[in-house]
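Here's the structure, in structure tokens; my notes come after.
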Amino acid sequence: MDSFSFIIGGILPYVVVPVFLAGMIYRFRSWLKAPQPGKMTLFPAGGSPFKEVLAETLFFPSLFKGDRVLWVFAWFFHITLALVFVGHIRVFSTMIDGMLMKFGMTSDGIDSMSSISGGAAGILLLATGILLFVRRLIIPRVREITGIPDFLAPLLIIAIIVTGDWIRFTGHFELEQTRVWTASLLTFSPIIPADGMFLLHILLAQALIAFIPFSKILHFGGIFFTQALIKRS
Amino acid sequence: MNNKDSMASVGVAAEETSVSVTKAPPSGKEPAKITREKADEILNAIKAIDGGPKVLKLYMDMCARCGTCAKVCPIYYGSDEKKYNPSLRSDIIRNIYKKHHTISGRLLGPLVGAQDFNPDDLGKWVEDSYSCTGCRRCATYCPFGIDNSVITRKIRGILDKAGLTPETMQKVVDISLRTRNTDGASPEAFKAAIAFLEEEMHDEHGIDVRIPVDVVGAEYFYVPPSGDVLVNPEATMGLAKVFHVLGMSDKWTMSSTCFDGANYGLFTGNDADMKADNKPYVEEAKRLECKTLLMGECGHAYRIMKMIMEPAKWWGDLPFNIINCMEWTADHILKGRLQFDKSKNSQPVTYHDPCNFGRSCGITEEPRIILNASCADFREMYPNKGENWCCGGGAGLSAMDDILEFRMKVSGRKKLDQILETGAEYVAAACSNCKRQLSQLMEYHKTGVEVGGVHDMLSRAILINGKAAERQQY
């Protein structure tokens, strides 16, 4: 194992995870702490704020009314991202496999299901990610509010998707390696998979994770706060 | 009263205070060089966002820059110049906040959109913050509910502290704080106006319809915008008639010292002014021992009372409740207590939802109940209610004649189209600011469409002893 892969797979995770957690806790605390005098309610309101915030988080109804084209790109991008995120649990543990096997699925069955749904998700995620980026470039009202960070974040995400898709679509990647890696990280004796594209993928992913608390990607946490404030009647 | 007169419906004040009409944006002149201390003060005000309000802090952190706000903004619809993009306007302070208050901004600077404060930009700050109508339409469609009007108001508040509020706005605030009304009218002038309205109603119906003034112990204390008494008074007459028909003429009162809910502190971003303007009204309501504060057809006045002052407990728990006169009247219509002769209002009528009533207070059905009951041909304009387009004069802009061109050609453009599409000959708007903007808009574009209030229509059609008003020449 060369020192380069050791840094990416054996040291960075111990930096990135605490940075992410501390950053997010700091943000959430500061949001919770700030006072809000007066009401921000936007009408029509009066339903259950909990349900409405949940609906906003899952289906983006406000955006649906405001910009239908963006909604199609954004909703499919985010829902696929969520599915890919869930799918990645398999990469790190055998928990999901165990559960599915209890329902009578065979190991091969799980693999082929994962390969089909994961493959489809990987393509859809890349397509919608690129569409969102192209939209940013060609629509003047979006282009003119796009600064350096607004280019960096999507490019980083697209690079992560491309490397992930590369791993999925070029030959077979043995999940045993990553499961061993995860377990080894927990015991502070990292065993790192020797796969260049995998290392690049996790390097970029870790950059993104560390970046989240300090970037506009915070919208995934902030939405609960802002939407709750305008939905309460 | 015709359109020309009602153009002054925000008040004499606006007429008195308007500086010469120029095509220049509100900044007009270059602000004087500010001192070092002033610059520090401005920076500190931006850093203080960290302490709240909560929404402002969140908006500093989480805009995804998707451009949806620009798509639904009435200003950007009117002109897609870069400076009218809501997200960029908000960046005025967001970038500085990032530079000084976030670890990432300090370390990475422009990589995360952080920028330092440049005092030379203040002229642009004035121009940009006074070209947002604060309509909150962006927040309705933003996937995260980011309300750019909150940021606009913060920018205005910072400018106000630096003494850079446009003269036209500052004069309205000053007059209101001095005289408790934006028209600068004395109690005597108010009483004379009320006597005149009672005479008018006598002429219309041949009987006395009273408007009680300064009655301690009356159940309802009615606070309209002063324009609805002094300039465009049909709405107040309409409400007086409702009380009369219900046999409740002795159950309500107005105040000769507090007859204008308008409060421009909301628009200049100065919280102290907003509270100072509000306080005498709450004290007067207590002095009059009313059970209900009945707010008139003034969107931002009602919003301040109902959504800001009361929930934020500025003056503690209140011994009265706060409702709007349209809720009150609509309730009595639904209970079948009021009758109308719709033929008195036979022309097509549409309703413009003032942003502060529709989006911000949820008063949307009540005006429609009143208009449907009193007009023969009521037509909706689309989109409406919470999704309605701003008249183009919100957040105090309609009082600024130095930006008339902007209001007529840019901010009011969508509304003009919307109104013309309905084919209406009368646009009802329950808001003095909207009424002034819309009257000017209709006049400027030579549409011939009349603009007025909601209770105005009621006043013309309501039956007293089985008879509607003999129409006077207004």
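The set of residues in segment A:128-166 that are at the interface with chain B (Cβ under 10 Å from one of its Cβ atoms) and either of a type in the set (Asp, Glu) or closer than 22 Å to A:Val84 by Cβ (or both) comprises A:Leu132, A:Arg135, A:Arg136, A:Glu144, A:Asp150, A:Leu152, A:Ala153. Of all residues being open to solvent by less than 10 Å² (accessible area, probe 1.4 Å) and of a type in the set (A, V, I, L, M) in segment B:66-95, which is farthest from the other protein chains (Cβ to nearest Cβ)? Just the residue, please. Within segment B:66-95, the match that is farthest from the other protein chains (Cβ to nearest Cβ) is B:Ile93. Of all residues in segment B:166-207, those that are in a helix (DSSP H, G or I) and either farther than 21 Å from B:Asn263 by Cβ or touching a residue at least 12 places away in the same chain (Cβ under 8 Å) (or both) total 29. Picking from residues in segment A:186-207 that are hydrophobic (A, V, I, L, M, F, W, C) and open to solvent by less than 30 Å² (accessible area, probe 1.4 Å), the one that is nearest to the other protein chains (Cβ to nearest Cβ) is A:Ala205. Checking each residue in segment B:137-165 for being in a loop (DSSP other than H, G, I, E, B) and crowded, with 24+ Cβ neighbours inside 10 Å picks out B:Cys142, B:Pro143, B:Phe144, B:Gly145, B:Ile146, B:Asp147, B:Thr165.
Just wondering, is there one or more residues in segment B:373-380 that are touching a residue at least 40 places away in the same chain (Cβ under 8 Å), of a type in the set (D, E, K, R) and in a strand (DSSP E or B)? Yes: segment B:373-380 contains one or more residues that are touching a residue at least 40 places away in the same chain (Cβ under 8 Å), of a type in the set (D, E, K, R) and in a strand (DSSP E or B). In the set (1) surrounded by fewer than 19 Cβ atoms within 10 Å (Cβ to Cβ); (2) at pLDDT below 95; (3) in contact with a Phe, Trp or Tyr (Cβ under 7 Å, 6 or more places away or on another chain), A:Arg232 fails one condition alone, (3).
Within segment A:23-52, residues that are more than 9 Å from every other protein chain (Cβ to nearest Cβ) sit with their Cβ atoms under 6 Å from residues that are assigned to a helix (DSSP H, G or I) and open to solvent by less than 50 Å² (accessible area, probe 1.4 Å), at 6+ positions apart or across chains, in these pairs: A:Met24/A:Pro213; A:Pro49/A:Ala228; A:Pro49/A:Lys231; A:Glu52/A:Lys231.
Please verify whether A:Thr163 is surrounded by 17 or more Cβ atoms within 10 Å (Cβ to Cβ) and touching a helix residue (DSSP H, G or I) at 6+ places or on another chain (Cβ under 8 Å), treating the condition exactly as stated. Yes, satisfied. Condition test on B:Lys154, is it within 20 Å of B:Leu338 (Cβ to Cβ) and touching a residue at least 12 places away in the same chain (Cβ under 8 Å)? No: the conditions fail for B:Lys154.
Here is a yes/no grid of residues against (1) free of Cβ contacts under 8 Å to residues at least 60 places away in the same chain; (2) within 21 Å of B:Gly134 (Cβ to Cβ); (3) among the charged types (D, E, K, R); (4) not in a helix (DSSP H, G or I):
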{"position": "B:Leu266", "(1), (2), (3), (4)": "no, yes, no, no"}
{"position": "B:Met274", "(1), (2), (3), (4)": "yes, yes, no, no"}
{"position": "B:Lys279", "(1), (2), (3), (4)": "yes, no, yes, no"}
{"position": "B:Glu284", "(1), (2), (3), (4)": "no, no, yes, no"}
{"position": "B:His300", "(1), (2), (3), (4)": "no, yes, no, no"}
{"position": "B:Ile308", "(1), (2), (3), (4)": "yes, yes, no, no"}
{"position": "B:Ala312", "(1), (2), (3), (4)": "yes, yes, no, yes"}
{"position": "B:Asp317", "(1), (2), (3), (4)": "yes, no, yes, yes"}
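Within segment B:342-372, take every residue that is farther than 28 Å from A:Leu229 by Cα and assigned to a loop (DSSP other than H, G, I, E, B) and give me the one that is farthest from the chain's Cα centre (by Cα). The residue in question is B:Ser346. Residues that are at the interface with chain B (Cβ under 9 Å from one of its Cβ atoms) and either of a type in the set (Phe, Trp, Tyr) or over 30 Å from B:Arg136 (Cα atoms) (or both) within segment A:221-233 comprise just one, A:Phe225. With respect to being among the basic types (Lys, Arg), within 21 Å of the chain's Cα centre (by Cα) and at positive phi, B:Lys385 fits the description. Are any residues in segment B:233-264 of a type in the set (S, T, N, Q), farther than 15 Å from B:Asp214 by Cβ and assigned to a loop (DSSP other than H, G, I, E, B), and if so, which ones? The answer is B:Asn263, and nothing else.
Does segment B:35-53 contain at least one residue that is hydroxyl-bearing (Ser, Thr, Tyr) and surrounded by fewer than 17 Cβ atoms within 10 Å (Cβ to Cβ)? Yes. Residue-level check: of (1) open to solvent by less than 30 Å² (accessible area, probe 1.4 Å); (2) at the interface with another protein chain (Cβ under 7 Å from one of its Cβ atoms), A:Ala74 misses just (2). Just one of (1) under 25 Å from B:Ile369 (Cα atoms); (2) surrounded by 24 or more Cβ atoms within 10 Å (Cβ to Cβ); (3) without any contact (Cβ under 8 Å) to a residue 60 or more places away in the chain fails for B:Arg407. It is (1). Counting only residues that are within 19 Å of B:Phe378 (Cα to Cα) and within 17 Å of the chain's Cα centre (by Cα), segment B:440-454 holds 4 of them. Among the residues in segment B:57-79, are any over 19 Å from B:Asp147 (Cα atoms) and basic (Lys, Arg)? No, the conditions are met nowhere in segment B:57-79. Note on segment A:59-103: enclosed helices (runs of 4 or more DSSP H) holding 1 or more residues that are over 17 Å from the mean Cα position of the chain (by Cα) are A:61-66, A:68-87, A:95-102. Residues being away from every other protein chain (no Cβ under 14 Å), of a type in the set (Asp, Glu) and over 24 Å from B:Ser79 (Cβ atoms) are represented in segment B:176-197 by at least one member. Name the residue that is farthest from B:Ala285 (Cα to Cα), counting only residues in segment B:208-232 that are modelled with pLDDT of 95 or more, part of a loop (DSSP other than H, G, I, E, B) and open to solvent by 10 Å² or more (accessible area, probe 1.4 Å). By that ranking, first place goes to B:Asp208. The set of residues in segment B:32-55 being within 8 Å of chain A (Cβ to nearest Cβ), in a helix (DSSP H, G or I) and at pLDDT 90 or above consists of B:Lys54, B:Val55. Taking the residues in segment B:268-299 that are open to solvent by less than 10 Å² (accessible area, probe 1.4 Å) and within 13 Å of another protein chain (Cβ to nearest Cβ) as candidates, determine which candidate is nearest to B:His352 (Cα to Cα). Restricting to residues being open to solvent by less than 10 Å² (accessible area, probe 1.4 Å) and within 13 Å of another protein chain (Cβ to nearest Cβ), the top hit is B:Gly299. In segment A:31-51, of all residues being outside any helix (DSSP H, G or I) and of a type in the set (A, V, I, L, M), the one that is nearest to B:Pro354 (Cα to Cα) corresponds to A:Leu42. In segment B:102-134, the qualifying residues are those that are open to solvent by 40 Å² or more (accessible area, probe 1.4 Å) and more than 10 Å from chain A (Cβ to nearest Cβ), and the one that is nearest to the chain's Cα centre (by Cα) is B:Lys124. Among the residues of segment A:167-175, is there at least one that is over 19 Å from B:Ala64 (Cβ atoms), more than 13 Å from every other protein chain (Cβ to nearest Cβ) and open to solvent by less than 30 Å² (accessible area, probe 1.4 Å)? Checked against the condition, which is being over 19 Å from B:Ala64 (Cβ atoms), more than 13 Å from every other protein chain (Cβ to nearest Cβ) and open to solvent by less than 30 Å² (accessible area, probe 1.4 Å), segment A:167-175 yields at least one hit.
The values are calculated or read from the model by the stated rules, or taken from the named source; none is laboratory data. Because the structure is a prediction, the values reported are computed rather than measured. Neighbour counts run over all protein chains shown; Cβ positions are idealised from the backbone, glycine included. Remember, those area values only see protein heavy atoms, side chains included, never the ligands or the DNA or RNA. Shrake-Rupley method; radii C 1.70, N 1.55, O 1.52, S 1.80 Å.
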